[in-house]
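Structure first, then comments.
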Amino acid sequence: MGYQTLAAVDLGSNSFKLQVARVQGEQLYLLDGLKETVRLAAGLDRNKCLDADSQQRALDCLRRFSERLRDLPEEAVRCVGTSALRVAKNAGQFLEQAEAALGFPIEIIAGREEARLIYLGVTHSLPPSSGRRLVIDIGGGSTECIIGSGTRQKSRESLQMGCVNFSLRFFPGGRIGKSAMKEAELEARLITQGIEADFGTDNWDEAVGSSGSIRAIADLIESSGWGSGITLEGMLQLREALLKAGHVDRLELPGLRADRRPVLAGGLAILSGLFAELGIERMSPAAGALREGILYDLLGRMSEHDMREETVAEFMRRYHVDAKQAARVEALALRLFEGVAPADKGEREEVRRFLSWAARLHEIGISIAHSSYHKHGAYILQNADMPGFSKTDQERLALLVRAQRGAVAKVPQFMAGGELSDIDRTLIWLLRQAVILCRNRAEPDLPEVLPEATSKGYRLRLPQAWLDENSLTRRALEEEAAHWGDVGVRLQYA
């Protein structure tokens with residue numbers, strides 16, 4: 001389904017950003033952008049929970065954003081949360097309120113997925129190049145580093161250091177001292193050491209920075225007459241200016257914005273550490289960043305260049321999945337799906353994709369061990385880096401694969417207090433039926449199969465004569481009905 005307008009919402013650890021773009025073929029033309037400094041990461045207490053003030057700032061911002069997004073369909077808007085929401089222990093409770101305020105679902109993405117989207121946004125904002133680029137984005141709570149050539153990415157990493165948490169830790173109250181600056185720079189170097197082998201100067205030809213911190217540093221260096229772009233000399237001059245001022249409020253430099261003052265010292269210390277450890281001598285700022293990457297990724301999903309499809313295919317190769325068996329299970333699961341699909345077209349297409357992916361990946365755990373392979377597969381899907389998938393997406397796939405066989409009552413989401421939507425319960429049922437009916441690992445010789453949802457469960461209409469001829473499958477279906485009966489769901493095969 002194509003849309004003329006797309007929107008991306010980036011719930012960053014320092015600021016929230018909204019970008020709206022017009023679709024023209026396979027290009028995007030930016031129409032409108034909003035940004036508010038929320039400093040979500042500053043609201044994380046000692047227990048890694050977001051405090052009430054930071055949550056309120058965030059919710060107020062999202063309500064304002066919702067006015068701009070009000071007329072857009074859900075499928076044309078993608079909202080992602082980054083480092084602060086990855087860390088916050090009360091993120092689940094906050095997201096319920098945040099989604100209600102914004103009016104759209106919010107995904108929390110992993111650090112490496114954030115890095116992938118940043119690179120995608122940067123490459124679309126720069127002239128084409130066949131050279132190797134190092135892209136660095138210093139966010140409020142984390143720093144993403146990516147190496148790629150053209151649109152292809154080679155290495156991605158997310159480091160747990162950001163301009164907000166470094167500024168709070170090393171420059172509390174805005175005070176800037178020489179010893180604190182040295183400690184912050186040393187900490188940044190120590191964190192960066194772990195990626196030096198893959199991200200050092202021998203691995204790239206050009207360094208590009210994409211974050212607000214990096215663009216602010218570049219602007220200050222240039223407007224102060226200390227050079228063009230970001231250089232070691234320019235950063236030393238800015239460092240000296242910060243130390244001389246002694247406090248962020250006393251720093252007087254042309255072009256220094258009020259919203260950048262509280263996090264400038266932390267951002268500069270991180271960038272200095274990256275320059276030192278990765279051998280960077282010069283860096284160019286880029287206009288594109290995470291929100292542009294979100295937009296282009298959304299455009300790709302609409303134009304059949306869905307990164308999630310590529311990831312599923314790669315996982316099938318990596319874990320040596322029996323492609324023929326996966327295709328049989330997928331075809332039957334999707335055939336059954338048509339009988340119980342949601343009425344809403346947008347929702348139907350989305351859940352159909354998840355059923356398709358789960359069917360193709362349902363046996364990836366066999367590469368670890370055949371015993372409990374469904375559990376091994378679920379672990380892989382929940383914890384592996386899966387480009388294109390949010391953490392919520394991965395949890396959903398893991399649930400479907402975990403619940404494909406065995407006792408339904410042992411799946412945590414079916415236990416007392418577990419949370420399971422009606423549509424996910426239906427997807428689990430569909431996948432389980434397809435796995436049972438394709439158990440002999442050959443094309444199933446099936447009559448017309450008519451699935452339907454009932455008031456108490458599900459019915460799969462199979463001719464009695466066929467069941468009599470396939471006694472092994474009939475026995476498996478009887479066991480299946482007993483498993484579902486244990487969780488209060490009635491299955492009928494007649």
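Read-outs throughout are calculated quantities, based only on the coordinates presented, and are distinct from any laboratory measurement. The model shown is predicted, which means the values in this text are computed figures rather than measured ones. So basically every Cβ, Gly included, is an ideal-geometry build from the backbone, and we count neighbours across all protein chains shown.
Note on TYR29, TYR296, TYR493: ascending count of other Cβ atoms within 10 Å places them as TYR29, TYR493, TYR296, the fewest first.
Working note: Karplus 6.51/-1.76/1.60 with θ = phi - 60° gives region 93-104 the couplings 5, 5, 5, 4, 5, 5, 5, 5, 5, 7, x, 9 Hz, where Gly and Pro are set to x. Mean silhouette area of region 94-253, derived from the convex hull of its C-alpha atoms and averaged over all directions, reads 11.4 nm². Could you calculate, for region 74-159, the ratio of the Cα radius of gyration to the Kirkwood radius, expressed as Rg to Rh? Ratio value, two decimals: 1.05.
For the chain, the alpha carbon convex hull comes to 158 Å³ per residue, rounded to a whole number. What's log10 of I(q)/I(0) for region 256-356 at q = 0.14 Å⁻¹, Debye sum over Cα points only, no solvent? Per q value, in the given order, log10 I(q)/I(0) is -0.81.
The shape of region 1-84 can be summarised by an equivalent ellipsoid whose semi-axes, obtained from the alpha carbon gyration tensor, come to 28, 12, 10 Å from longest to shortest.
Starting with the highest mean, order 149-155, 50-56 by the number of other Cβ atoms within 10 Å, averaged over the residues of each peptide. Working shown, then result.
Values: 149-155: 13.6, 50-56: 15.6.
Ranking the peptides 149-155, 50-56 by packing returns 50-56, 149-155.
Relative to the Cα centre, what is the charge dipole magnitude of the chain, using +1 at the beta carbon of each Lys and Arg, -1 at the beta carbon of each Asp and Glu, and rounding to the nearest 20 debye?
Details: 63 positive and 68 negative charges, 139 e Å.
The calculated dipole for the chain is roughly 660 debye.
What order do you get for 466-476, 94-104 when each peptide is scored by the mean count of other beta carbon atoms within 10 Å, highest first? Intermediate results must be reported in sequence, preceding the final value.
Details: 466-476: 13.5, 94-104: 17.8.
Those peptides, ordered most packed to least, come out 94-104, 466-476.
For region 381-454, the calculated P(r), taken from all Cα-Cα distances in 5 Å bins from zero up to the bin holding the longest distance, is 3, 13, 21, 20, 19, 14, 8, 3, 0 percent.
Neighbour counting of Cβ atoms within 10 Å sorts the residues ASP422, ASP198, fewest neighbours leading, into ASP422, ASP198. Between the helical axis of 391-402 and the dominant principal axis of the chain, each derived from Cα atoms, what acute angle in degrees is found, rounded to the nearest 10? The two axes meet at around 20 degrees.
In a DSSP loop and with at most 11 other Cβ atoms within 10 Å, the trypsin sites (Lys or Arg not before Pro) in region 46-80 are ARG46, ARG70. Based on Cα contacts under 8 Å between residues 6+ apart, the chain shows a relative contact order of 13 percent.
Close amide H pairs (under 5 Å, H built 1.01 Å from N) link LYS154 with ILE147, GLY148, SER149, residues at least 5 positions away or on another chain.
Determine the relative contact order of region 126-286: mean sequence separation of Cα pairs under 8 Å and six or more apart, normalised by residue count, in whole percent. Don't skip to the end; give the middle numbers.
Details: 305 pairs, mean separation 50.1, N = 161.
Value for region 126-286: 31 percent.
The Rg/Rh ratio for region 423-462 is 1.00, where Rg is the radius of gyration of the alpha carbons and Rh is the Kirkwood radius. When only alpha carbons of region 170-291 are considered, Rg and Dmax amount to 14.0, 40 Å. Could you give the angle, 0 to 90 degrees to the nearest 10, between helix 345-361's Cα long axis and the longest principal axis of the Cα atoms of the chain? Taking the Cα atoms of the chain, the angle to 345-361 is about 80 degrees.
Only counting other Cβ atoms within 10 Å, I'd like THR201, THR426 sorted with the fewest neighbours first.
On the way: THR201 13, THR426 20.
Fewest to most other Cβ atoms nearby, the residues stand as THR201, THR426.
When DSSP beta bridges are restricted to pairs lying wholly in the chain, around 70% turn out antiparallel.
Could you rank the peptides 165-175, 454-464, 395-405 by their average count of other C-beta atoms within 10 Å per residue, with the highest value first?
So the peptides 165-175, 454-464, 395-405, ranked by packing, come out 395-405, 165-175, 454-464.
The angle separating the long axis of helix 261-278 from the principal Cα axis of greatest extent in the chain is about 80 degrees. If you wrap the tightest convex hull around every Cα atom of region 306-447 and split its volume per residue, you get 114 Å³.
Check each of the trypsin sites (Lys or Arg not before Pro) in region 232-291 and keep only those in coil by DSSP with at most 16 other C-beta atoms within 10 angstrom; list them in order. If you can, show how the numbers build up before the last one.
Numbers: sites: ARG239, LYS244, ARG250, ARG257, ARG260, ARG282, ARG291; in loops: ARG257, ARG260.
Qualifying residues, ordered by number: ARG257.
Pairs of Cα atoms nearer than 8 Å and 6+ residues apart set the relative contact order; for region 306-447 it is 27 percent.
Selection among ALA184, LEU295, GLY81 by position relative to the dipole of the chain gives ALA184 as farthest towards the positive end (Cβ unit charges, Cα centre). Can you pick out the pairs among LYS89/LYS345; LYS48/LYS456; LYS17/LYS89 whose Cα atoms lie more than 32 Å from each other? Distance filter (> 32 Å) returns LYS89/LYS345; LYS48/LYS456.
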